[in-house]
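The values are calculated or read from the model by the stated rules, or taken from the named source; none is laboratory data. Since we're looking at a predicted model, the values are computed, not measured. Cβ atoms come from the backbone with ideal geometry, glycine included; neighbour counts cover every protein chain shown. Keep in mind that these areas ignore ligands, DNA and RNA; they rest on the heavy atoms of the full protein, side chains included. Shrake-Rupley method; radii C 1.70, N 1.55, O 1.52, S 1.80 Å.
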Amino acid sequence: MLPETLALHLPGNAEKTRRLFVALLPDRHTKEKLASVQKKIAGRKTPPENFHLTLFFLGNQPESILFPLKNFMDRVTFDPFVLSLDKTGYFSKIRLSWIGPTEIPPGLVQLHNTTRQFLVPAYLEDKRESFRPHVTLARKSLPPSVKITSPVVWTVDRLALMESILSKEPGRHPQYRIMHAKTANTPTGYPDI
């Protein structure tokens, strides 16, 4: 017999689904710096309000998954960490240009692993894919020739469960909606905001 959480994914389950992912969300200042790098990239540019770094893409999931995911988000704790986005790259199969870190900071590794332990195998199949953190800058793109001379330094402090709402109009970017968000722990010596 399958565990209850796995039974949610069986074909024929008529429950309404949502296209979900877990992501890190940049602050306004980081979005502005990403947009500045993005200007030098060819292709269909990601709107700055859609900038994010995906920890896990869950795909279409039944709405009943929302409660356990929100509960997980409420319980997870993490300290803010600095992410230096210092290289551009290209996924040729999907013609996607991105910016990412040369080195993955320990805080990101820990948050990715914590999220993975919750999601696999209860909600996601373990595909054993390597984690390649990046922020998408453009789709239908050419390989970027941009060399990052000054990295985009991002103090990561916001984790979110997101819904991706695909447009019925061809060529339009999806709309992203925050379903639930979690802010990093406040460092000692800083006032709560």
*Give the residues of segment 57-114 that are open to solvent by 60 Å² or more (accessible area, probe 1.4 Å), part of a loop (DSSP other than H, G, I, E, B) and on the phi < 0 side of the Ramachandran plot, sorted by residue number.*
Thr77, Asp79, Ser92, Lys93, Ile94, Thr102, Glu103, Ile104
_Filter result for Pro101 (of a type outside the set (Ser, Thr, Tyr), at pLDDT 95 or above and farther than 13 Å from His134 by Cα)_ = no
*Selection within segment 115-130 - surrounded by 14 or more Cβ atoms within 10 Å (Cβ to Cβ) and either out of contact with any strand residue (DSSP E or B) (no Cβ under 8 Å at 6 or more places or on another chain) or outside any helix (DSSP H, G or I) (or both)*: Phe118, Val120, Ala122, Tyr123, Leu124
*Which residue pairs have Cβ atoms under 7 Å apart, sit 6 or more places apart or on different chains, and have a first residue in segment 133-161 that is assigned to a strand (DSSP E or B) and among the polar types (S, T, N, Q) and a second that is surrounded by fewer than 18 Cβ atoms within 10 Å (Cβ to Cβ) and at pLDDT 95 or above?*
Thr155/Pro80; Thr155/Val82
